[in-house]
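Q: Following this message is one structure expressed as structure tokens.
The values are calculated or read from the model by the stated rules, or taken from the named source; none is laboratory data. All figures in this text were calculated on a predicted structure; none of them were measured in a lab. All Cβ positions, even for glycine, are placed from backbone atoms using ideal geometry, and neighbour counts span all protein chains on display.
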Amino acid sequence: MTRSQAALVAALALVMGLASCGAPEPDGPPRLRLGQDECVECGMIISDDRFAAAREIVESRGRRVEVFDDLGCLFDREHSMPEVRATRAWVGNHAGGGWVPLESAVLVASDEMHTPMGFGVAAYTSSAEAVKAAERLKGSIIDQAAARERRAAQSLRRTDG
């Protein structure tokens, strides 16, 4: 192999590697690389897929998926960038990993739940799992509107000081 061919192979490998970083499944949520992927909102390394979140954005340039270490970061991003509309969103299944579409997730809020950014909300795929978790964590089942209000209140407390 000539030197120019070797350089071409190396460049192609680099491009392929960069393209796979946080790459979404075709038409689905991303494959997380725990311990490597960064939250696009706060910059923390995502280390626990049970609290992770992601959203898909379709633009004229194509589809991109943003990943977050905590559902609270996804809500913060929505608040700080209201002009960017996600077409879909997912959240980590706290009971067993994997992704749950945010629209069908059952959310549990608890001040005793320690999430990466202190949001205290986790998602479950079923009401039965969520009820058990809420009882165990002395929490409650909430809907997305209440979850967003909870995050807004936390943000106000952080800025008030």
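Here's the yes/no breakdown for (1) among the hydrophobic types (A, V, I, L, M, F, W, C); (2) at pLDDT below 95; (3) more than 19 Å from the chain's Cα centre (by Cα):
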residue: 118; (1), (2), (3): no, yes, no
residue: 121; (1), (2), (3): yes, no, no
residue: 133; (1), (2), (3): yes, no, yes
residue: 136; (1), (2), (3): no, no, yes
residue: 139; (1), (2), (3): no, no, yes
residue: 147; (1), (2), (3): yes, no, no
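Q: Could you check residue 86 against (1) modelled with pLDDT under 95; (2) of a type in the set (Gly, Ala, Ser); (3) over 16 Å from the mean Cα position of the chain (by Cα) and say which number it fails?
A: Evaluating residue 86 over (1) modelled with pLDDT under 95; (2) of a type in the set (Gly, Ala, Ser); (3) over 16 Å from the mean Cα position of the chain (by Cα) leaves (3) as the failure.
Q: List every residue pair whose Cβ atoms lie under 6 Å apart, where the two residues are 6 or more positions apart in sequence or sit on different chains, the first residue falls within the range 20-37 and is assigned to a loop (DSSP other than H, G, I, E, B), and the second residue, located anywhere, is modelled with pLDDT under 90.
A: Close Cβ pairs satisfying both conditions: 37/22.
Q: I'm told residue 99 meets every condition in (1) surrounded by fewer than 21 Cβ atoms within 10 Å (Cβ to Cβ); (2) closer than 21 Å to residue 44 by Cβ; (3) not small (Gly, Ala, Ser) except one. Can you identify the failing condition by its number?
A: With respect to (1) surrounded by fewer than 21 Cβ atoms within 10 Å (Cβ to Cβ); (2) closer than 21 Å to residue 44 by Cβ; (3) not small (Gly, Ala, Ser), residue 99 is out only on (1).
Q: If we only count helices (runs of 4 or more DSSP H) wholly inside the range 47-161, which ones have 3 or more residues that are small (Gly, Ala, Ser)?
A: On the way: elements: 71-80, 127-136, 144-160.
Counting at least 3 such residues, we get 127-136, 144-160.
Q: Which count do you get for residues in the range 102-125 that are exposed (fewer than 14 other Cβ atoms within 10 Å of the Cβ) and more than 19 Å from residue 152 (Cα to Cα)?
A: First, the residues of the range 102-125 that are exposed (fewer than 14 other Cβ atoms within 10 Å of the Cβ): 103-104, 111-112, 114, 118.
When the remaining residues are screened for being more than 19 Å from residue 152 (Cα to Cα), the result is 103-104.
Summing the residues that are exposed (fewer than 14 other Cβ atoms within 10 Å of the Cβ) and more than 19 Å from residue 152 (Cα to Cα) in the range 102-125 gives 2.
Q: Return the only residue of 116, 82 being touching an Asp or Glu at 6+ places or on another chain (Cβ under 8 Å) and more than 20 Å from residue 28 (Cα to Cα).
A: Working: 82 fails: touching an Asp or Glu at 6+ places or on another chain (Cβ under 8 Å).
None of the other options fit; the residue is 116.
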